[in-house]
Amino acid sequence: SSDLIADVVGENKAILEKLRRLDLGRAALVGTTLKLTQSYLKIILRREGYSLKDFTFDGGEVVEVLTQSQEFSTGDLLPEVKSFVLKGLGESAENLEVKLVGSEKKLLLPAGKVTPSFRPPLSGKYEGTVFLTAELQIDGHVARVLPLRVNVEVFHAVVVAIKRIENGDKFTTRNVASVRKPTSALLKGSINQLGNVIGRTASVPLVPGSVIRMNEIYDPPMIKHGQAVQAVVRRGNVEITVQVRAVEDGKAGDNIRVENTDTHKLLRGQVLDEKTVLVLQERP
């Protein structure tokens, strides 16, 4: 206990301060008292190398020392837990939600400033159900080591349907909106920018609350079968442009077959835009 049990008076300030910090042993349990006697104090002084001739003792033979207490709850740790998890995830504070799993535990701790520290989860994961170990120090001394189970959710903006959308309907601000959702509930291909959805067409029916994904948007081909386009043929440092006809549909980045309208040879090219393909190789 850090409780003051006696006044120490003398000339040498350094020795006085050392005496004031003298460790007399383990404190009583929180909220209970411990009896200390002058005889026990003299034994401690001798053990520390002091001569009793240098001391005079006043006051009673026995003193009762109460270990002061404070109430503490595991819920009080949530702000520090959130800061610890934020460092592990590298996320912004506004994107994070941390909750205790189960009910809060009420503790009775010695009085003093509580400083928590946390050990990283053994799994190395900071999202979902996370198991942490909290070490509670009070005025620099470890008072309790607690296991903690917390649920960590990371929220990001995604585009969701707010009304029923049929196959072929256009996405508008009346039927889709940007909503924050936990990443654990999102599927691959979710879209987080509203501008990437508005004005495009649904390829499947969608119910309210559905997260819009890339494969649920109709992506029409840039070049359609039978369309006349230009083919850029590169041979070393030479670049030739020829007129070709698309043999199949293609989106940006797709490799499609095209036909040279003069020689009727089939070529394979990559769609650059709605009027141009880059020839990759020739096929007879």
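The values are calculated or read from the model by the stated rules, or taken from the named source; none is laboratory data. Nothing here was measured: the structure is a model prediction, and the numbers come from that model. Don't worry about glycine lacking a Cβ; one is built from the backbone with ideal geometry, like all the others, and counts go over all protein chains shown. Quick note on the areas: whole protein, heavy atoms, side chains included, nothing else; ligands and nucleic acids left out. Shrake-Rupley method; radii C 1.70, N 1.55, O 1.52, S 1.80 Å.
General observations
- Within region 144-179, tally of residues that are closer than 21 Å to residue 100 by Cα and hydrophobic (A, V, I, L, M, F, W, C): 7
- On the stretch given as region 100-114, residues that are surrounded by 14 or more Cβ atoms within 10 Å (Cβ to Cβ) and modelled with pLDDT of 90 or more total 2.
- Search result, residues across region 79-126 that are touching a helix residue (DSSP H, G or I) at 6+ places or on another chain (Cβ under 7 Å) and either on the phi > 0 side of the Ramachandran plot or touching a residue at least 40 places away in the same chain (Cβ under 8 Å) (or both): 96, 98, 100, 105, 126
- Within region 32-57, residues that are under 18 Å from residue 18 (Cα atoms) sit with their Cβ atoms under 7 Å from residues that are open to solvent by 70 Å² or more (accessible area, probe 1.4 Å) and modelled with pLDDT of 85 or more, at 6+ positions apart or across chains, in these pairs: 52/46.
- So residue 33, is it open to solvent by 70 Å² or more (accessible area, probe 1.4 Å) and in contact with an Asp or Glu (Cβ under 6 Å, 6 or more places away or on another chain): yes
- Selected residue [at pLDDT below 85 and either more than 30 Å from residue 132 (Cα to Cα) or among the small types (Gly, Ala, Ser) (or both)] from 52, 66, 29: 66
- If you filter region 160-186 down to residues that are among the polar types (S, T, N, Q) and open to solvent by 70 Å² or more (accessible area, probe 1.4 Å), you find that the one that is nearest to residue 198 (Cα to Cα) is 173.
- Candidate set: region 124-140, residues that are polar (S, T, N, Q) and more than 14 Å from the chain's Cα centre (by Cα); chosen: the one most open to solvent (accessible area, probe 1.4 Å): 137
- Within region 76-119, considering residues that are of a type in the set (Ser, Thr, Tyr) and part of a strand (DSSP E or B), the one nearest to residue 146 (Cα to Cα): 117
- Residue match in region 231-249 (condition: under 30 Å from residue 165 (Cα atoms) and open to solvent by 80 Å² or more (accessible area, probe 1.4 Å)): yes
- Qualifying residue in region 218-231 (condition: within 11 Å of residue 159 (Cβ to Cβ) and either part of a strand (DSSP E or B) or of a type in the set (Ser, Thr, Tyr) (or both)): no
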